[in-house]
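These notes concern the structure reproduced below.
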Amino acid sequence: MNTTNISNVRFVEKFTGREVFNFMDRFKTDDDCIAYLAYNKWGNGFACPSCGHKECWEGQKAYTMVCKSCRFIESASSNTLFHKVKFGLKKAFYIAFEMSTSSKSVSANAMAERLGVQYNTAWLFMRKVRVAMESSEQHPLTGNVTVDEFVIGGYEEGMVGRNSLSNKKKVVVAVEKNGNLGINRAYAMPIDNYSAKELAKIFTKHIDASSVVDTDKWKAYKAIAGYNITQTKSTKDSFKQVHRFIQGLKSWVRGIHHSISKDHLEAYLNEYCFRFNRHQHKNTIFHKLTERLIEEKPHNRMMLSKMRLKTYEQRRLRIRMELMVKGQLGIAA
Ligand SMILES: [Zn+2]
């Protein structure tokens, strides 16, 4: 498809930088945003989402295409996470800009106030952005990596060390070290307990098998096969990079979001790591995020709440199992 013949798709330059005034200047209207979507979606050619056909006509409505084979009509925002945003594309773009370019972003409450929209709609779109922020798992950590775990929700009274029965939200992190002080990239994900099976998840998802991995002396790490793991006693000095990362993450949760429900913890961790891992590419981070928002299939609230329900069921089951183990619940109950 020669896009220059299609008035629906005009060339738009990639937005770079983090300056809010430049952003406001560039995306003044919903039309500026839809033009940006159209070019990024069809700039390299059209592919029908229904039948895969590559040829199209321009639709009657601006920024729509009609498949020449099956007559499917597609708008620039459909089949993307921008599909049917209630408050208009301009505000949706602003949310994506804020969540990608600011160092900490803001809570859904603050975003709703800032944009004059309902809390629920702000929350839902921010949740969709977090879907787009999920790691592609294509660039695992390499070199010197440290793995550690922590809990979100603070210190638990009466619980010492790793306690899998604790109701605190458990998180495992892996950081790729840069020399003795810096961190190149990091990943964090929720775990149900501190077993080898749970801890191994971050290895298979985010750590290259060629890496040299440091962990503390926790026995479960011994059972993780296929990695070069060295276990040393955790001291302030030996684990300073990973501890600094954990501190930053925890203070972000406390300072911006106050508390995060277990069902959405993974999404928030994805958001944090997405920004952290691109701290050297802040200029193009907004554009990259929009590309991902275009590529992702739409997630509506029902899909998100189904996800929530699934995790809720798993949690209920887990609590029952834990109570059984503790002997507080009869097996027949
Ligand atoms: Zn088609």
Among the candidates VAL147, VAL151, VAL131, residue that is more than 16 Å from the ligand (Cβ to nearest atom), under 20 Å from the mean Cα position of the chain (by Cα) and closer than 30 Å to ARG10 by Cα:
VAL131
Can you tell me which condition THR142 does not meet? The list is (1) within 19 Å of GLU291 (Cα to Cα); (2) open to solvent by 30 Å² or more (accessible area, probe 1.4 Å); (3) touching a residue at least 60 places away in the same chain (Cβ under 8 Å), and all the others hold.
(1)
If you go through the stretch 239-256 one residue at a time, how many are under 15 Å from GLU149 (Cα atoms) and without any contact (Cβ under 8 Å) to a residue 60 or more places away in the chain?
3
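Find the residue count for the stretch 198-228, including only residues that are crowded, with 17+ Cβ neighbours inside 10 Å and either polar (S, T, N, Q) or in contact (Cβ under 8 Å) with a residue 40 or more places away in the chain (or both).
Filtering the stretch 198-228 down to residues crowded, with 17+ Cβ neighbours inside 10 Å leaves 198-200, 202-203, 206-207, 211, 213-216, 218, 220-221, 224, 227.
Pick out the ones that are also either polar (S, T, N, Q) or in contact (Cβ under 8 Å) with a residue 40 or more places away in the chain (or both) and you get 199, 202-203, 206-207, 211, 213-216, 218, 221.
Result for the stretch 198-228: 12.
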Inside the stretch 22-59, can you point out the residues that are buried (at least 17 other Cβ atoms within 10 Å of the Cβ), outside any helix (DSSP H, G or I), within 16 Å of the ligand (Cβ to nearest atom) and within 25 Å of the chain's Cα centre (by Cα)?
none
Quick check on the stretch 78-97: of everything there that is open to solvent by 20 Å² or more (accessible area, probe 1.4 Å) and in a loop (DSSP other than H, G, I, E, B), which residue is farthest from the ligand (Cβ to nearest atom)?
PHE87
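The values are calculated or read from the model by the stated rules, or taken from the named source; none is laboratory data. Being a predicted model, the structure only gives us computed values, none of them experimental. Positions of Cβ are generated from backbone atoms using ideal geometry, with glycine treated the same way; all protein chains shown enter the neighbour counts. Just so you know, the surface numbers come from the protein's heavy atoms only, side chains and all, with ligands and any DNA or RNA stripped out. Shrake-Rupley method; radii C 1.70, N 1.55, O 1.52, S 1.80 Å.
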